[in-house]
Structure formats: structure tokens, C-alpha cells
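Single-structure report; data block below.
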Amino acid sequence: MTRRGGRRLWLGVLGTWVALACTEDLTAPGKCPNFCPTTKIQQTDTIIAGMIGRDSSYGRPIGYVSPQGAGVLLADSLPTLDSRPIIRFGPVATRALIASTDTTTGPLMGPDSVRVQLQIVRRDTSAHNLRLSFYRLPLTIDSTTGFAALSDSFNVTPVRRINVDRLLALPGQIDSATGDRVTIDSTFAPLQRFVLVFRFDSLQIPWVPTDSGKVALGIRVTADKPTSTALASLESGAGAGLTWYNRFDSAGTIIDKHQSAAAAFDAFVFDQVPPALDSNLTVGGVPSARSLLRVDLPRAIRDSTQIVRATLILVPAVAAQGVPGDSFFVAVHQVAADFGAKSPVATSTTLHPDSATVFVGKLDTVTVEVTNFLRAWQTDTTIPHTLLLRQVIDIPNAVSRLQEGATFSEIRFYSSRALAYRPALHLTYLPRYPFGTP
């Protein structure tokens, strides 16, 4: 099909109109107009191992997140690990007003009962008959207290032992005989957390006015099989709480009062010595370790290509350590500045971190997408070419779902010193095309 027509073109130089003929031939092959790319599109897909160097691990023996600063209190009862939460509750008033119409105060007498509230944010669902055993500890516990220092306090009969699974099986999850109850919170579905309230009598947790009602408790977990559990800590915003139900006698009148005390300190102690860092890249564990990777991106790629995809490849030196069947995330972050062990993580929304799931006991190669980081390096030359690896797990709490230092699991990757298994980048990129008339 051919259509012919005409139009006029004004030639200003000649000062006249010129008639031009136009032709539309739909059967003719397409022709590239002006300003098309002058070369053919050629995509490059390659794995470069020599780009990453000067990589190191940091964090031991102190750790980036220590037991007293973690978002959870780890309670593990495993063949190779015994971890126990410790909690110290703050003081309360030892005197209270007798009546609202009088300013006279009276001493708080012996409590009728004490209630302790805890939250379980992670548990092994394959372990049945989960039991929590409570022990009284010295009020002197602090961040320097270790496992051995509390051995005498734990090597006694617990003041109380509660079967959580039995409580969950009761109608309404309430034990009418003891007053214990549990509430299932599904706010963070599909994850669940259990809000537990346990009642103790005045012999199990006695009232000591000279201590202003301060109490320190230790917790051990057991089940029908080795198990791992995590309780919410102060840092999660949902730490343990204690309520005294007191009564005092004044002028022959008994008036019931109750006072609540939040946890003033919490942590967990464990019987393992954290393994030292070596030439590999360590990520995770308690205290938590991180690793830095410094990337030497060739200028030919940084300045003259369009990066389609970039994937970081990490090869484990040993199988991931931790509770069998457990998993965690290895997250890759852009650093805001490269200060070695003190490098802060970038908070820009355009540099959002990515992660990969690691399964305990596996030796699978770990790959993490880092495309947005490398593209950012192309557009902003002030961003350091340094990536940070850290371990996180998903915890149902309102402060931060992804928590570091919330599990003993760790993984060690080969570093750039292991030439055959060193970290690498899998890059897919296109050249930037010159445009003009073909």
C-alpha cells in the first residue's frame, strides 16, 4: 500500500514556498531514525572474584549486641548450651496512704500474692511440655554477672515451676486453681507471642521492706526434648513486669493495695565461651559479630555501564552453627562511612538492605542482591564502596521486627584470603550507548 500526498515547506533563505511530496509505504522495511544507538546492544554477565578485598570481622569478645542489650532473653536447654534469663525488678513504695481523705501513711505489710508477667516471643513448637522454672537471685546481678557466679542460686529447688503447654490446653488458657493465665497475641501474624502471668505467694517471693520490694529472678527452660526459647526484654519494649498485691493494717482497718514494678535490668547468662574470630568472615552469634567487605569496583564498570543486576556470593567455611532446624537472615547493609569496626549503617531509604536465609547445619552458598548499592555508587561518588554483613532474625515485637543478637546461631564465610572460595560479585551490565545518526 502506497499513499502519496503533498505539503509545502517555507524556505526562509530563498523567501519562497517549495512544494514537497511525501510518500508512506507500509510494506517497506522500518528505518532507524536519527539519534538511534550507533552500536548493537551487548549484555555482559560475569562473576568477578577479585573485586572484594580488605575484608574483616569485628565484634568479639564484647560484641555489637551483648546479652544485656539484646532484644530478647535467650533461654536454651541444649546438649551443648545452657542459657538462662536473669531479671531484676525495681523498687516500689514501702508505705501508702491509709485513706484518700487523709495524708497519714501506713507501712505495707506482707503481700497477699505477687504476679510476674513475661512474654514468649519465640519457641520451638516441636518441643512439648515446655516448663519454666523460677529461682531467686541476688539483687546484685548486673551486666558483669556470669554463668558461674550464679551456679549456687540455680542449684537449688526452684521457687516455682510452670508447664506452659498445660496452661495453653486449659479452657480460656486460665488455671483457676493458681491464677496463672496466658494470652496469645497474633498481632504479628503469622508469628505469635504468648503473654504469661504467673502468681506467686509470699513464701515463694517474700516482701522485704528494707530492699524496697526489689526482687531478682532467674529462669530455666526444659521440655521433653532439648529446646530453645526467647523472652521479650527491656529493649523490645515489652520486658517483664511484677505486681505486688499488698495490704496494710491501720487503726484496725485492712485495705488492699497493689503496686507494679518494671524490670530495671535483664540479660541472660550462658555456659559457653564465645569462639574467637579467625581469618574467616564471622556473622552473628552471641555476642554478635559483623563483617565488612570493601569492593574495588572497576572504573570501566562504574563509569561506563548500566548495572542490570548485582549479586553478592558468599561461600561458608563451615556449616552454620546453632539450634538444629533453626534459621536466620544474613543482611547486607551499605555503610554511611568506613570506620572499620565502628562503621555506622546507612539509614537512607534508597539504600535499603537485602538479606538471605541461612539454615543451621547447611553449607549452601549464600547469595544476596546488592544491585541498589552498586547503582548508588555510580550516581554518588561520595558513598563508600563498603558493605556490612550482620545476622538478624524476625521477632514479633513493636520496636523492631528484625533483631540482631537474638540467637546464638552464627555462620563463617571464606574471606578474600581464601583465593579459591573468596567472596565474589555476579554482575550483569550493559554499556552506555553513544547516540547520533547511524
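A few notes on this one:
- Residue in the range 99-108 that is more than 30 Å from Val370 (Cβ to Cβ) and modelled with pLDDT of 85 or more present: no
- Just so you know, in the range 316-349 the residues that are of a type in the set (Val, Ile, Thr) and either touching a residue at least 60 places away in the same chain (Cβ under 8 Å) or closer than 18 Å to Val295 by Cβ (or both) include one that is surrounded by the fewest Cβ atoms within 10 Å (Cβ to Cβ), and it is Val318.
- The set of residues from the range 288-299 being within 20 Å of the chain's Cα centre (by Cα) and open to solvent by 10 Å² or more (accessible area, probe 1.4 Å) comprises just one member, Arg290.
- Members of the range 181-232 found to be farther than 25 Å from Ala267 by Cβ, without any contact (Cβ under 8 Å) to a residue 24 or more places away in the chain, more than 25 Å from the chain's Cα centre (by Cα) and part of a loop (DSSP other than H, G, I, E, B), listed by number: Leu203
- For the range 410-428, a residue qualifies if it is part of a loop (DSSP other than H, G, I, E, B) and surrounded by fewer than 23 Cβ atoms within 10 Å (Cβ to Cβ), and the qualifying residues are Tyr414, Ser416, Arg417, Ala418, Leu419, Ala420, Tyr421, Arg422.
- Residue pairs whose Cβ atoms lie under 9 Å apart, sitting 6 or more positions apart in sequence or on different chains, and linking a residue in the range 409-433 that is touching a residue at least 40 places away in the same chain (Cβ under 8 Å) and acidic (Asp, Glu) to a partner that is open to solvent by 20 Å² or more (accessible area, probe 1.4 Å) and assigned to a loop (DSSP other than H, G, I, E, B), are Glu410/Pro275; Glu410/Gly322.
- Single unsatisfied condition, Ser279 versus (1) at pLDDT 95 or above; (2) open to solvent by 10 Å² or more (accessible area, probe 1.4 Å): (1)
- Single residue of the range 109-133 satisfying the filter (more than 11 Å from Phe198 (Cα to Cα) and among the aliphatic types (A, V, I, L, M)) that is surrounded by the most Cβ atoms within 10 Å (Cβ to Cβ): Val121
- Among the residues listed as Ser409, Ser416, Ser348, the single one being within 24 Å of the chain's Cα centre (by Cα) and modelled with pLDDT of 90 or more: Ser409
- Any chance Ala169 is farther than 25 Å from Glu235 by Cβ and buried (at least 18 other Cβ atoms within 10 Å of the Cβ): no
- Test: residue in the range 39-53 that is polar (S, T, N, Q) and within 24 Å of Pro274 (Cβ to Cβ): no
- Residue ID - modelled with the lowest pLDDT, chosen from residues in the range 109-134 that are part of a strand (DSSP E or B) and more than 23 Å from Ala406 (Cα to Cα): Ser113
- Residue check, Ile313 within 30 Å of Gln42 (Cα to Cα), in contact (Cβ under 8 Å) with a residue 60 or more places away in the chain and open to solvent by 20 Å² or more (accessible area, probe 1.4 Å): yes
The values are calculated or read from the model by the stated rules, or taken from the named source; none is laboratory data. Since the structure is predicted, the reported quantities are computational estimates derived from the model, not experimental observations. When we count neighbours, we look across all protein chains shown, and the Cβ atoms used for this are built from the backbone with ideal geometry, even at glycine. All accessible areas refer to the heavy atoms of the entire protein, side chains included, with ligands and DNA or RNA removed. Shrake-Rupley method; radii C 1.70, N 1.55, O 1.52, S 1.80 Å.
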